[in-house]
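**Q** Before anything else, here's the structure in question.
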Amino acid sequence: MVNLSPDTEINGAWNSGYRYQADTIKGFSHIHAWQMSGLSVIPVTLDKTETTKIFSDFYSPFSHKTEIVTPGYHSVVLNRYDIKAGLTSTNRVGFHKYTFPEKDIQKAILFNLNTLLGPSNNTAGYLKQDSNKELSGSLVMAPTHRRIKPLTLYFKIKLNSPITQIEQDSATHNYLVLLKSSVQNVLMKVGISYTSAENASLNLQTELPGWDFSEIVRQSQQVWNKMLGRIQIEGGTAADQRRFYTDLWHALQGRRIISDVNGAYPDNTQEQFRIGQIPPDKNGHPQFNMYNSDAFWGAQWTLNTLWGLVYPEIMEDFVHSLMQYYKDGDLVPRGPSGGDYTFVMTGAPATPFIVSAIQKGIVKDSLEFIYQALKKNHMSGGIMGKSGYEHKTDKGGGLSFYIEKGYVPYPLPYKENFGAHEDGAGQTLEYAYQDWTLAQLAKKLHKDDDYHYFLKRSFNFKNIFNPLLGWNVPKDVNGKWKKDFDPYQYENGFVESNSAQSTWFVPHNLKELARLMGGDSIAVRKLNTQFMEAQKLGFTSGTSHAAELHPEYSRIPINYGNQPSIQAAFIFDELNRPDLTQFWSRRVVRRVFSGLSENVGYNGDEDQGLMGSLAVLMKIGLFQMNGGTEENPAYQIGSPIFDKVIIHLNPEYYPGKTFEIECNNNTPDNVFVRTIRLNNTPVKSYSITHEDIVNGGILKLEMAISGPSTELVHN
């Protein structure tokens, strides 16, 4: 719940938070979440004449030379005040350590409760003194166009140093908490809650009753080491290893808890706000956490596989959380925020995520209830009928046309727009894949009629494939192909992509797609040509999500900076050319997901851990084309960059202790897998099953500088 860190930019959604290039700290805020932000504080020193000025002029320059950043700990010197600030946290409590200068000068902490942080205005800030060392208060996160209802943040604060006075500025409505001028070392604990002041206090007292800052840093880092240590790697360069764990860290820190230690959580799904309650387990603890989350759009190729294999307890928690939203609001969300739906992106991306958890045996109970909830999402009135941020209607998703005509028209035959991403061809592809995954669950539950119904819908991708052009092409409501169609034009009927990228979005039936193209060999050459062209631009549409719209980047035929085509390298595996999967996946890793630089992040849209997850999977050489949604899900084998990968399996879910991948003769040039042995038994295909992995064992790969047939990869 708490993600305490410095903010160097505060006045805009995408550029807010910690920006390495900026040189000024504008506060330490506790919440950096999908459409949520709040509680910004900063320690200050001031002369008596500066009291009024400090409310609006409190930013401080800083230097990276005196900064320490690790998982669980952030330390920085505020140069303006000569204050060293240390930050750490538990799940729901921020812990600050301020070292003030020794000189006799007024010491204080400024609470910037009424400000713009990221996408949301913080308003109605309120602070009161409870005792000489305790404070409490609240603020309201104003609605955004994604999270359309306000949300109140409650907080409880304890200090180890007496408060001498609190001043509030009438202009900024900020608060200044004055401390003794003789104080030097100050500790401050901040518990937060989205339900009540009492629960903020309970969170603080339960998770952080003591005052040992160094011990909490140690515990936090121990938690991260334990989580990151689920995958051990050997080989590669030091930079390869550091970047790998950076990727894995991203895969784990992108989504946020919104429930309290007692299981209370904010439910904003109805007209009136209410406090929900997670049911207790046999020990009286909440059965799961409720989460705030950006979309699962693209998770079929990222979180489905990584969490399902390495962190099944997180995947189970998320399934229960998503189903609680259904119980409260009657829809399974695709990106909730503040206890409410945002309707971010398109389709029903939670379906493959939940089906994958069921097929892997992570979720075993209430399958009938889950199925009916997912089925509702796929029918009229469900979330599939809503386009991006379509809060009040369900027209923009074009689901009625999809059910009646077998495709979503582009453009929709309405005078008005109902939401974002009304890109019919792209929506058609998403719905078809998601229908296939729901059909797999229907099959598991012996719902034969539903299985055949959704399986038939999963073939709707064929309705937008134009055999004369060899691309997926939008159709209007009358069934006419879009005129003057350009397969490289961005968002020309496709969601955050172009036709060249999204034509391959048929992860459930690539063989049929290849047949439509004229056969496997033609499809392979077509895709290989796209990779060669994409390589010239570094496999991404520029260096940011916004850059995708620029003409020089938007025409890239494969983009590893956004989700619609990040499966592309593993398509070759499905078309009997695993050597090309191995070759191109290594090229993509080297160009897109390698190297370390403090001021460069992920090219494109990292989406709260999705690209970090993808990088991890490509580097260990495991992938799931259909998101792990079939019975005993398959994993395609790629080209690991490390000599050895050891996955420590969670014993509460899987019978095996470890699964190891050993790569003999592995070098940056030896990217091809010549032979495969699983527990000393030869594997003829380039895939293994979920059961193979979770039972434990050793997968041995013999690497080589050339593959079985490499005439297409030389350029």
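**Q** Hey, among P162, P209, which residue is under 20 Å from V41 (Cβ atoms) and surrounded by fewer than 15 Cβ atoms within 10 Å (Cβ to Cβ)?
**A** Of P162, P209, the one residue that is under 20 Å from V41 (Cβ atoms) and surrounded by fewer than 15 Cβ atoms within 10 Å (Cβ to Cβ) is P162.
**Q** On to the next question. Would you be able to say whether some residue in the range 407-418 is basic (K, R) and at pLDDT 95 or above?
**A** no
**Q** Mind listing whichever residues of the range 349-376 are more than 25 Å from H32 (Cα to Cα) and aliphatic (A, V, I, L, M)?
**A** Within the range 349-376, I354, V355, A357, I358, I362, V363, L367, I370, A373, L374 qualify.
**Q** Still on this structure, I have one more. When you go through (1) under 26 Å from the mean Cα position of the chain (by Cα); (2) buried (at least 19 other Cβ atoms within 10 Å of the Cβ) one by one for V69, which number turns out not to apply?
**A** (2)
**Q** Right, another one. Is there a residue being in contact (Cβ under 8 Å) with a residue 40 or more places away in the chain, closer than 16 Å to I566 by Cβ and out of contact with any strand residue (DSSP E or B) (no Cβ under 7 Å at 6 or more places or on another chain) anywhere in the range 455-471?
**A** no
**Q** Every residue in the range 394-413 that is part of a loop (DSSP other than H, G, I, E, B) and within 19 Å of N478 (Cβ to Cβ), please.
**A** If the condition is that a residue be part of a loop (DSSP other than H, G, I, E, B) and within 19 Å of N478 (Cβ to Cβ), then K395, G398, G406, Y407, V408, P409, Y410, P411, L412, P413 are the ones that fit.
**Q** Is it the case that some residue within the range 117-135 is acidic (D, E), closer than 24 Å to D7 by Cβ and more than 30 Å from the chain's Cα centre (by Cα)?
**A** No, because not a single residue in the range 117-135 is acidic (D, E), closer than 24 Å to D7 by Cβ and more than 30 Å from the chain's Cα centre (by Cα).
**Q** So for the range 550-563 (the condition being aliphatic (A, V, I, L, M) and over 18 Å from the mean Cα position of the chain (by Cα)), does at least one residue qualify?
**A** yes
**Q** Answer yes or no: is there a residue in the range 400-422 that is touching a helix residue (DSSP H, G or I) at 6+ places or on another chain (Cβ under 6 Å) and among the β-branched types (V, I, T).
**A** yes
**Q** Sticking with this structure for a sec: What number of residues in the range 205-218 are over 11 Å from K189 (Cα atoms) and touching a residue at least 12 places away in the same chain (Cβ under 8 Å)?
**A** 3
Residues checked against (1) over 15 Å from S193 (Cβ atoms); (2) modelled with pLDDT of 95 or more:
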{"residue": "G137", "(1), (2)": "no, yes"}
{"residue": "P143", "(1), (2)": "yes, yes"}
{"residue": "P150", "(1), (2)": "yes, yes"}
{"residue": "K156", "(1), (2)": "no, yes"}
{"residue": "N160", "(1), (2)": "yes, yes"}
{"residue": "A171", "(1), (2)": "yes, no"}
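**Q** Could you say whether any residue in the range 380-393 is hydrophobic (A, V, I, L, M, F, W, C) and part of a helix (DSSP H, G or I)?
**A** yes
**Q** Please tell me if V694 is of a type in the set (A, V, I, L, M, F, W, C), touching a residue at least 40 places away in the same chain (Cβ under 8 Å) and farther than 30 Å from Y451 by Cβ.
**A** Considered against the rule, which asks whether it is of a type in the set (A, V, I, L, M, F, W, C), touching a residue at least 40 places away in the same chain (Cβ under 8 Å) and farther than 30 Å from Y451 by Cβ, V694 comes out as no.
**Q** Please determine, by comparing only the residues of the range 242-274 that are in contact with an Asp or Glu (Cβ under 7 Å, 6 or more places away or on another chain) and assigned to a strand (DSSP E or B), which one is farthest from M611 (Cα to Cα).
**A** So the residue we want is R274.
**Q** Additional query: How many of the residues making up the range 3-35 are touching a Lys or Arg at 6+ places or on another chain (Cβ under 6 Å), outside any strand (DSSP E or B) and not hydroxyl-bearing (S, T, Y)?
**A** Total meeting the criteria: 3.
**Q** Further, regarding this structure: Would you tally the residues in the range 530-546 being part of a helix (DSSP H, G or I) and either free of Cβ contacts under 8 Å to residues at least 24 places away in the same chain or buried (at least 18 other Cβ atoms within 10 Å of the Cβ) (or both)?
**A** Residues flagged as part of a helix (DSSP H, G or I) and either free of Cβ contacts under 8 Å to residues at least 24 places away in the same chain or buried (at least 18 other Cβ atoms within 10 Å of the Cβ) (or both) within the range 530-546 amount to 3.
**Q** Also: Among the residues of the range 373-395, write down those that are surrounded by fewer than 20 Cβ atoms within 10 Å (Cβ to Cβ) and among the aliphatic types (A, V, I, L, M).
**A** Answer for the range 373-395, where residues must be surrounded by fewer than 20 Cβ atoms within 10 Å (Cβ to Cβ) and among the aliphatic types (A, V, I, L, M): just M379.
**Q** Right, next: Hey, can you tell me all the residues within the range 380-398 that are over 26 Å from the mean Cα position of the chain (by Cα) and on the phi < 0 side of the Ramachandran plot?
**A** S380, T393, K395
**Q** Are any residues in the range 202-241 within 24 Å of A85 (Cβ to Cβ) and of a type in the set (S, T, Y), and if so, which ones?
**A** S214, S220
**Q** Return the pair list, or none, for Cβ contacts closer than 8 Å from residues in the range 359-385 that are more than 18 Å from D449 (Cβ to Cβ) to residues that are assigned to a helix (DSSP H, G or I) and of a type in the set (D, E), at least 6 apart or on different chains.
**A** Between residues of the range 359-385 that are more than 18 Å from D449 (Cβ to Cβ) and residues that are assigned to a helix (DSSP H, G or I) and of a type in the set (D, E), the close pairs are I362/E316; V363/E316.
**Q** Looking at this structure, is A239 touching a helix residue (DSSP H, G or I) at 6+ places or on another chain (Cβ under 7 Å) and either on the phi < 0 side of the Ramachandran plot or not in a loop (DSSP other than H, G, I, E, B) (or both)?
**A** In short, no.
**Q** Out of all the residues in the range 329-357, which are surrounded by fewer than 21 Cβ atoms within 10 Å (Cβ to Cβ) and outside any loop (DSSP other than H, G, I, E, B)?
**A** G329
Conditions tested, residue by residue: (1) farther than 28 Å from F353 by Cβ; (2) modelled with pLDDT of 95 or more.
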position	(1), (2)
G561	no, yes
R577	yes, yes
G601	no, no
D607	no, no
L614	no, yes
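**Q** Among (1) on the phi < 0 side of the Ramachandran plot; (2) of a type outside the set (K, R); (3) surrounded by fewer than 24 Cβ atoms within 10 Å (Cβ to Cβ), which single condition is T503 missing?
**A** Every listed condition holds for T503 apart from (3).
**Q** So, in the range 275-286, how many residues would count as being part of a loop (DSSP other than H, G, I, E, B) and either surrounded by 14 or more Cβ atoms within 10 Å (Cβ to Cβ) or touching a residue at least 40 places away in the same chain (Cβ under 8 Å) (or both)?
**A** Number satisfying all stated conditions: 1.
**Q** Could you please find all residues in the range 1-32 being aliphatic (A, V, I, L, M) and out of contact with any Asp or Glu (no Cβ under 9 Å at 6 or more places or on another chain)?
**A** Once the filter is applied, which keeps residues that are aliphatic (A, V, I, L, M) and out of contact with any Asp or Glu (no Cβ under 9 Å at 6 or more places or on another chain), the range 1-32 yields V2, L4, I10, A13, I31.
The values are calculated or read from the model by the stated rules, or taken from the named source; none is laboratory data. Because the structure is a prediction, the values reported are computed rather than measured. Glycine gets a Cβ as well: all are built from the backbone with ideal geometry, and neighbour counts include every protein chain shown.
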